[in-house]
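*Asks:* Just passing along the structure, written as structure tokens.
The values are calculated or read from the model by the stated rules, or taken from the named source; none is laboratory data. Given the structure is predicted, the values throughout are model-derived calculations rather than measurements. With ideal geometry, Cβ positions are generated from the backbone for all residues, glycine too; neighbour counts draw on all protein chains shown. Calculation scope for accessible area: heavy atoms of the full protein, side chains included, ligands and nucleic acids excluded. Shrake-Rupley method; radii C 1.70, N 1.55, O 1.52, S 1.80 Å.
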Amino acid sequence: MPPIGPLVDHLWPQEIADLQQGYAGALNVYRTMANHPALTRAWTNLRQHIVKDTSLGLARSEVVILRTGIRLGSAYEWAHHVSRARALGFSDDRIRAIRGTPEGEDGLLVRAVDAVFDHHKLPADLEAELRQTIGTHGVFDLIATVGFYSVLGTILMTYDVPIDDAIRAEMAENPIE
């Protein structure tokens, strides 16, 4: 059987032709998911909420995604979200801190991601602290973000999806240690 990977344009499924010029055709992860058109179609609304409309806001979301990428060991997610975090104004020091135990709110978010990975739940005291800081919707969105990017990371690593060229070039030009 041939390996599964990002679909090239001439193999793009007709069932999701309308998604090719949008998010699904833009990145190798979604070009790989296009091997399953029904899943890619179903993914659209959840992706919109998690990536664009999250109650966490973009900066908090990036902290959660970066830590999820670290916990998964996903080089693709790490590189792509280092780029996004930088575009949001994160310093490289702040990004590097997310690999360990950062201070303040970033530390709270990192502890939450770690709890989801380690215990598959948020302990009551951590959930209460999160709810006080990011609200009930924020807690749900944090858990959903970890789940969403865990699925993506698993797809990425199962199919050894290559980091997109523009991100690879950015990381080569401006690496983060």
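*Asks:* Which one is nearest to the chain's Cα centre (by Cα) among residues in segment 1-21 that are at pLDDT below 95 and not aliphatic (A, V, I, L, M)?
*Replies:* Step by step, filter segment 1-21, then rank; the result is PRO3.
*Asks:* Among SER91, SER61, SER74, which is among the polar types (S, T, N, Q), in contact (Cβ under 8 Å) with a residue 40 or more places away in the chain and either surrounded by fewer than 20 Cβ atoms within 10 Å (Cβ to Cβ) or over 13 Å from ASP141 (Cβ atoms) (or both)?
*Replies:* Going through SER91, SER61, SER74 in turn, just one is among the polar types (S, T, N, Q), in contact (Cβ under 8 Å) with a residue 40 or more places away in the chain and either surrounded by fewer than 20 Cβ atoms within 10 Å (Cβ to Cβ) or over 13 Å from ASP141 (Cβ atoms) (or both): SER74.
*Asks:* Quick one: would you say THR40 is over 27 Å from GLY135 (Cα atoms), free of Cβ contacts under 8 Å to residues at least 60 places away in the same chain, open to solvent by less than 50 Å² (accessible area, probe 1.4 Å) and not aromatic (Phe, Trp, Tyr)? Don't jump to the end; show me each part of the working.
*Replies:* Numbers: over 27 Å from GLY135 (Cα atoms): yes; free of Cβ contacts under 8 Å to residues at least 60 places away in the same chain: yes; open to solvent by less than 50 Å² (accessible area, probe 1.4 Å): yes; not aromatic (Phe, Trp, Tyr): yes.
For THR40, the condition - over 27 Å from GLY135 (Cα atoms), free of Cβ contacts under 8 Å to residues at least 60 places away in the same chain, open to solvent by less than 50 Å² (accessible area, probe 1.4 Å) and not aromatic (Phe, Trp, Tyr) - is met.
*Asks:* Starting from residues that are among the acidic types (Asp, Glu), in contact (Cβ under 8 Å) with a residue 40 or more places away in the chain and open to solvent by 70 Å² or more (accessible area, probe 1.4 Å), keep the ones in segment 136-177 and report whichever is nearest to GLU77 (Cα to Cα). Spell out the reasoning first.
*Replies:* Looking only at segment 136-177, we keep the residues that are among the acidic types (Asp, Glu), and these are 141, 160, 164-165, 170, 173, 177.
Next cut, in contact (Cβ under 8 Å) with a residue 40 or more places away in the chain only: 141, 160, 164, 170, 177.
So of that shortlist, the ones also open to solvent by 70 Å² or more (accessible area, probe 1.4 Å) come out as 160, 177.
Details: ASP160: 12, GLU177: 16 Å.
Here the answer is ASP160.
*Asks:* When residues of segment 1-30 are filtered for being open to solvent by 40 Å² or more (accessible area, probe 1.4 Å) and assigned to a loop (DSSP other than H, G, I, E, B), how many remain?
*Replies:* Final tally of qualifying residues: 8.
*Asks:* If I ask for residues that are of a type in the set (Val, Ile, Thr), part of a helix (DSSP H, G or I) and over 21 Å from GLY5 (Cβ atoms), which ones from segment 126-177 would you list?
*Replies:* The initial filter retains those residues of segment 126-177 that are of a type in the set (Val, Ile, Thr), namely 133-134, 136, 139, 143, 145-146, 151, 154-155, 158, 161, 163, 167, 176.
From the residues that got through so far, the ones that are part of a helix (DSSP H, G or I) too are 133-134, 136, 139, 143, 145-146, 151, 154-155, 158, 167.
Within segment 126-177, THR133, ILE134, THR136, VAL139, ILE143, THR145, VAL146 qualify.
*Asks:* Based on this model, can you work out whether ARG47 counts as more than 19 Å from GLU77 (Cα to Cα), among the basic types (Lys, Arg) and either in a helix (DSSP H, G or I) or in contact (Cβ under 8 Å) with a residue 12 or more places away in the chain (or both)?
*Replies:* No, not satisfied.
*Asks:* Which of the residues that make up segment 75-86 are within 10 Å of the chain's Cα centre (by Cα) and of a type in the set (Ser, Thr, Tyr)?
*Replies:* TYR76
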